[in-house]
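First up is the structure itself, then whatever we jot down about it.
Since every read-out is calculated from the coordinates, none of them should be taken as a lab result. Please read these numbers as outputs of a predicted model, since none were measured by experiment. Heads up, the Cβs are rebuilt from the backbone with ideal geometry, glycines too, and the neighbour counts pull from every protein chain shown.
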Amino acid sequence: MNSKDIVRFSEIMMGLAENYPGTNLTHIGLQLRFEALKEYGIDHISRAATKLIKTRRYHSMPTTADIIEAMDGDPGKISMEYRAEIEAGKVLDHLRGYGKNIFPKFKDPITRHLMTTRWRYNSWAAYVTESELKWWQREFVRAYLAHAVGARAGYCLPGVPELKRLAHGIGQFM
């Protein structure tokens, strides 16, 4: 998210808090909520806040977990599982639409990583059979979730600048 999104996020949280008398938002509390919710995108957060205001399900300011639940997810696991399923579907759609000859441009960094390292797309697409796709999809989701958890914990993953610098430095000493 950019600086406009941070301002918009603060406005959304302030607007949500106004619906629950006695709610005091602090700068530190807003920062923590922002860190917990930033992966969902500002539009998704805004829709969830609007949904919470309309339903008036809570009698005090909804927690961050309540906001995530309002986005039709469970804090962490469910939303990531949905994302993994969607990404597997994108790979399969591309395979069925374009076959092995056209390498897809994956926007998701985990999908891009998996389809260039674990399953090299062109080789995989050339040899995978229709009967294996159901099993491949399950394996892809498991691998995607493992990488997502690793990324959250600060371990490996594509696009981590520190690891790229380290790997580049190792190659130069040999």
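Each of GLN31, SER10, HIS59 was placed along the dipole of the stretch 3-73 (beta-carbon charges, centred on the mean Cα), and the one lying farthest toward the positive end is HIS59.
Is the C-alpha gyration tensor of the stretch 3-73 telling us rounded, prolate or oblate? Criteria: a/c under 1.5 is rounded; beyond that, a/b larger than b/c is prolate, otherwise oblate.
oblate
Could you calculate the contour length gain from ARG96 to ARG138, that is, 0.36 nm times the residue separation minus the distance between their Cα atoms, to one decimal place in nm?
Full extension of this stretch gives 13.4 nm more.
In loop segments of the stretch 10-90 as defined by DSSP, there are no GluC sites (Glu not before Pro) with at most 15 further C-beta atoms inside 10 Å of their C-beta. Modelled label positions at ARG56 and ASN19, each set 7 Å beyond Cα in the direction of Cβ, lie 1.0 nm from each other.
The alpha carbon gyration tensor of the stretch 1-154 gives principal lengths a ≥ b ≥ c with a/c of 1.5 or higher and a/b greater than b/c, which makes the shape prolate.
Given a cut-off of under 8 Å on Cα pairs at least six residues apart, what relative contact order in percent is computed for the stretch 1-122? 20 percent.
Per-residue extension of 0.36 nm, minus the Cα-Cα distance of THR63 and ARG118, leaves a gain of 16.0 nm for this segment.
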